[in-house]
Amino acid sequence: MKFEQYNISTEIKDSLKEMGFKKPTDIQFKAIPSILNGDDVMAIAQTGTGKTAAFAIPILHRLQQQDRRHRKAPYEVKCLVMVPTRELAIQIAEVFQGIAQYTDLRILALVGGVDQGPQIKMLEKGVDVLIATPGRMFDQINQGHIDLSHTQTLVLDEADHMLDLGFIRDIRDVIKHIPREHQTLFFSATLNKDIKDLAYSVVNNPIRIQISPKDPVSKNVSHAVAYVEMDDKRFFLERLIKEFPESKILVFVRTKVRAERVMAAMTRIGIKSITMHGGKEQDDRLDVMAAFKSGDVKVLITTDVNARGIDIPNVDYVVNYDLPDVAENYVHRVGRTGRGVQKGQAVSFCSTEEKPMLETIQKFLGKNITEMTINKDDYRETISFSEDIPNDNWQLLLDQHNKEMEELEKKVKKRAAATAKKKAKKK
Ligand code: ADP
Ligand code: MG
C-alpha cells in the first residue's frame, strides 16, 4: 500500500511525496491506522525504521481535521512530544514541520540552552505540536507559558529511556496537567520488562505493536567486536579512519573527558574530528551536529547523549571506542548507522576490563557478536602504522600484547585438552 491510498489529507500526501516517502515502513503501516483511530499505542521497532513519521503523520492528519473547526487559545498545546535530548527535539520538530509544510499547523521545538524569547512568542499564540525535553518544558509550565489543559495526545519517543528513573516523575506530573481523556503513544527500539510494567502503569490497555522482536539490532547494520586493549584503541581508530578516509564515522566514548582526549590524539596525527557531549554550550552542540551532518567534518566523537534517536544521513561506521555502560545503548548506538534503506557497519573495541560488559550486552542481544579476529601481525602492524608513537614504545606495548596472546592461547589449549579428556572418559 502506498501513502497515496491512505485516508490522509492531500497536503500531507504532497509533503510525503516531496520528502521521498512513497510507501510506509512496517511500523508506519501498522501504527498509523491505530493512531488515526485515537487508540493508545506502544510501538517497538528497530532503529532507523521510521518511527518518527509513524506517529507524526497520523497526529498531523488528526490535528488538521480539527484545525478547521477550532481556534487555538493562547499557550494551548494540542499534542506534546517528550524526548530525552535537545538535538532529538529539534530533529523531530523538523520531521513534523516537513510533513506539515502545506498545512497551517504550528510546530515548536522547546529546548534549553538557547534564548527563550522566540520560543515564548510562539507559545503565546498556541501551538499544535510541542516537542520538548522535560527540563525546559517544566520551566515554561511553571512560568505559565504552556497550557496543557486541552492536550489530546502525549507522545514519548525513546519511551523506555523517558520512563527510566529520572523522567517517570516528570511524566506523571505532565499527565496530571492534561485532560483525563487523552491518547498516549510510546515509541522505542527497546523496552525491558521492568520499564514495560512502568509503561503499563501510565496507559490504559494500549495496543501493542512490535516489529522484529527477536533481534533488537537493525538488520541493516553488520556489527562486530574486536579485542583491543585500552591503550591501543587510538591506533585502531586511526587505522580505521585512514583506511576509509571518505567515510562518515561516529565514535562513541564513555565520558566527556575521553571524548576530548580522543579528539586530541586524532589532532596530533592530523585527523580532523569534532566532539559532542553534555559539557558543551548549546550553540556549539548545534554547530557540531550541523558540521557532521553536512560532512564538513567526517569524524564525530561523542558520548551516549547522541546514542538515541539522532538521524544523521550516511553515517558509514559506528565505532564503540568504549563499550556502553548500559546494554540497551549498544543497540541504540549501532543504530545510528544503517538507517532507512541504507546499510551500515559497526565495530566495538573491547578491552580485557570490558569483557564482562560485552557479556552483558550479548546476553541482552540474545546472541554473540561476531568477533573480528586480529592476529598478532595485524595488531603489531596497526600499532606500528600509527604516526603517534615512538618506535621503542610500541615495541613495549607489543611485547605485552604478545605475552597476553600467548597466555590466552595456552589457556585455550589447556581447556581443549581438558574437554577432550572428559569426552574420552565418558566413552
Ligand atoms: P527511527 O525513529 O525508527 O529510528 P527515523 O524516524 O529517525 O527512525 O527515520 C529513519 C530514516 O528513515 C529517516 O531518515 C527518515 O527520513 C527515513 N524514512 C522514514 N519513513 C520513510 C518512508 N516511509 N520512506 C522512506 N524513508 C523513510
Ligand atoms: Mg526515533
Enter the angle in degrees (range 0 to 90, nearest 10) between the Cα long axis of helix 26-36 and the first principal axis of the Cα atoms of the chain, meaning the one along which they spread out most.
20
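For a protection proxy built on the mean count of beta-carbon atoms within 10 angstrom, sort 90-101, 356-367 highest first, please.
Answer by packing, highest mean first, reads 90-101, 356-367.
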Based on the alpha-carbon gyration tensor of the stretch 128-167 and its eigenvalue square roots a ≥ b ≥ c, which shape applies: rounded if a/c is under 1.5, prolate if not and a/b is larger than b/c, or oblate?
oblate
If we sort 77-83, 419-425, 320-326, 226-232 on the protection proxy, mean other Cβ atoms within 10 Å, highest first, what's the order?
77-83, 320-326, 226-232, 419-425
Residue pairs, from the table Lys233/Lys403; Lys2/Lys125; Lys30/Lys293, whose Cα atoms sit over 28 Å apart:
Lys2/Lys125; Lys30/Lys293
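Before anything else, pin down the relative contact order of the stretch 209-327: Cα pairs under 8 Å, at least 6 apart, normalised by residue count, whole percent.
Numbers: 130 pairs, mean separation 40.9, N = 119.
After rounding, I find 34 percent.
Compute the semi-axes of the equivalent ellipsoid of the chain, taking the square root of 5 times each eigenvalue of the Cα gyration tensor, and list them largest first in whole Å.
For the chain, the semi-axes come out at 44, 25, 19 Å.
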What are the ³J(HN,Hα) values, in whole Hz, obtained from phi via the Karplus relation 6.51 cos²θ - 1.76 cosθ + 1.60 with θ = phi - 60°, for each residue of the stretch 411-423 in sequence order, with x given for Gly and Pro?
4, 4, 4, 4, 5, 4, 5, 4, 4, 4, 4, 4, 4
Stokes-Einstein D for the stretch 269-378 (10 °C, 1.306 mPa s, Kirkwood Rh from Cα pairs), in µm²/s, comes to 104
Run through every distinct alpha carbon pair of the stretch 345-387 and return the Kirkwood hydrodynamic radius in angstroms, one decimal place.
12.2
Rg/Rh over Cα atoms for the stretch 72-199, Kirkwood Rh, comes to 0.95
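So what is the relative contact order of the chain, in percent, for Cα pairs below 8 Å that sit 6 or more residues apart?
Answer for the chain is 16 percent.
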Using a Förster radius of 25 Å, what is the FRET efficiency between Arg208 and Tyr102 based on their Cβ-Cβ separation? Nearest 0.05, please.
0.15
Taking R0 as 25 Å and r as the Cβ-Cβ distance between Lys403 and Arg239, the FRET efficiency 1/(1 + (r/R0)^6), rounded to the nearest 0.05, comes to 0.65
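Each value in this text was obtained by applying a stated rule to the coordinates, not by laboratory testing. The structure displayed is predicted, hence computed values, not measured ones. Ideal geometry is used to build each Cβ from the backbone, glycine not excepted, and the neighbour counts take in all protein chains shown.
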